[in-house]
Amino acid sequence: MHRHHRQLILALAVAASFGAAAAPHYGAWQDPVPAPGVNTAAAEGCPIESPDGKYLYFMSTREGGLGSLDIWRAAWNSALQSWDPATNLGDVVNSAAAEYCPTPLPGKWLLFVSSQQNSEDCSECAPMPTPPAGSPPAADLFLTRENPAHGWATPVHLNSYPDGPNTRGWEYSPSVVNTSEGTFLFFSSDGYADSQGQDIYMSRQRDDGSFGPGEKVVELSTTADDRMPNVRKDGLEIVFSSSRAGSGQDIYVATRPDTASPWSPPVRIDNTNINTPGSETRATLSRDGTRLYFGRKVDSNDPGDIYVSTRTRGRGGN
């Protein structure tokens, strides 16, 4: 592994050491509202809060970008109770390719997905079919870090199968969780030999700080399209999108009593104002688990907007 690559991944391991305490108890998800100050006439999606809740990262096709899909960031304005006008992350993170599914981590680290070509593209993976019309090109997981004085570091590719999690297919929605069993990277992919469309995968972090190839999380994956997982910081709850109900993408949730146990059978969030006849994708949880962000397309003509739902948090958590 390249020395710079190793340093970045090792630093990610430190930044991702979230820790966990007793599992909190939560109320039901309330009816969602459009994320204030974020949506435009262009496409917006892939929303996720920064760990401190001060920023919302998301994908957009709005004017001012560098490619078909770019990653943008908006700061929370507590006085207005809205997100301020978003800024593009610039030409180190974004490119003429498609960048999306950002995942900010403690320590100003950022995991994201990009379709840019690189010398580490998987050489042992099966070729992928032509994507459906309107889909971004096949993409891989990358890592970068923001320096307040110097900006974003050159993104590092997380290696390709069998050395790492990336394939020739589509990798979506990286989510890192630190547990007593180790540090794990959750994501979805359709590029593995056992993939049945998009499935949920988990990659274990090695002793040198790098991430290994993905292993399918069988209790979360079906022959339907299961994609874009996001794990709560204590590792006890996961949300993702799935077409297993037979229509468009809906948001599903699974839990587990501890991080050594398998996930419970996933259930569709039981709120008809969250899961609609449209398509709900890339759901993410705020660090405290009280806010659920997701993208929604009402129909094929809708470019997509970002929504947020809230729930109460009771005693028993950290």
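Each value in this text was obtained by applying a stated rule to the coordinates, not by laboratory testing. Since we're looking at a predicted model, the values are computed, not measured. Every residue, glycine among them, receives a Cβ derived from its backbone with ideal geometry; neighbour counts consider all protein chains shown.
Observations on the structure shown:
- Aspartates and glutamates with Cα under 15 Å of Lys233, excluding same-chain neighbours fewer than 8 positions away: Glu49, Asp52, Glu181, Asp258, Asp288
- The chain: relative contact order as a whole-number percent, Cα under 8 Å and 6+ apart: 20
- Additional length obtainable on full extension of the chain from Ser300 to Val33, 0.36 nm per residue less Cα span: 94.0 nm
- Since only Val308, Pro24, Val38 are under comparison, the one whose Cα sits farthest along the positive direction of the charge dipole of the chain, derived from C-beta charges on Lys, Arg, Asp and Glu, is Pro24.
- Normalised by the number of residues in the stretch 199-284, the mean separation of alpha-carbon contacts (under 8 Å, six or more apart) gives a relative contact order of 25 percent.
- In terms of its C-alpha gyration tensor, the stretch 188-236 comes out oblate, because a/c is 1.5 or above while a/b does not outweigh b/c.
- Among 226-234, 190-198, the order from most to least packed when residues are scored by Cβ within 10 Å on average: 226-234, 190-198
- Highest mean first, the peptides 174-184, 293-303 sorted by other C-beta atoms within 10 Å per residue fall in the order 174-184, 293-303.
- Cα shape, the chain, gyration tensor, a/c 1.5 rule: rounded
- Mean-position separation - Cα centroids, the stretch 48-97 and the stretch 238-316, in angstrom: 21
- Proximal charge balance of Gly182 [Cβ under 12 Å; K/R count +1, D/E count -1]: 0
- With the charge dipole of the chain set up from +1 on Lys and Arg Cβ and -1 on Asp and Glu Cβ about the Cα centre, the Cα lying farthest toward the positive end among the listed residues Met228, Pro257, Ser68 is that of Pro257.
- Test item: Cα-centred dipole of the stretch 161-318, Lys/Arg +1 and Asp/Glu -1 on Cβ, debye: 540
- Formal net charge of residues neighbouring Arg268 (Cβ-Cβ distance under 11 Å; K, R +1; D, E -1): -2
- Estimated at 0.36 nm per residue, the fully extended path between Ser247 and Glu181 surpasses their Cα-Cα distance by 20.1 nm.
- Helix-only arithmetic for the chain: the sum of -39500 (n - 2.57) across DSSP H runs with n ≥ 4, divided by the residue total, places the mean residue ellipticity at 222 nm at -1500 deg cm²/dmol.
- Extension gain for the segment Glu219 to Asn273, taken as residue separation times 0.36 nm less the Cα-Cα distance, is 16.8 nm to one decimal.
- The dipole here belongs to the chain: it is taken about the Cα centre, uses +1 on the Cβ of Lys and Arg and -1 on the Cβ of Asp and Glu, and is about 760 debye.
- Local net charge near Ala42, Cβ-Cβ under 14 Å (Lys/Arg +1, Asp/Glu -1): -3
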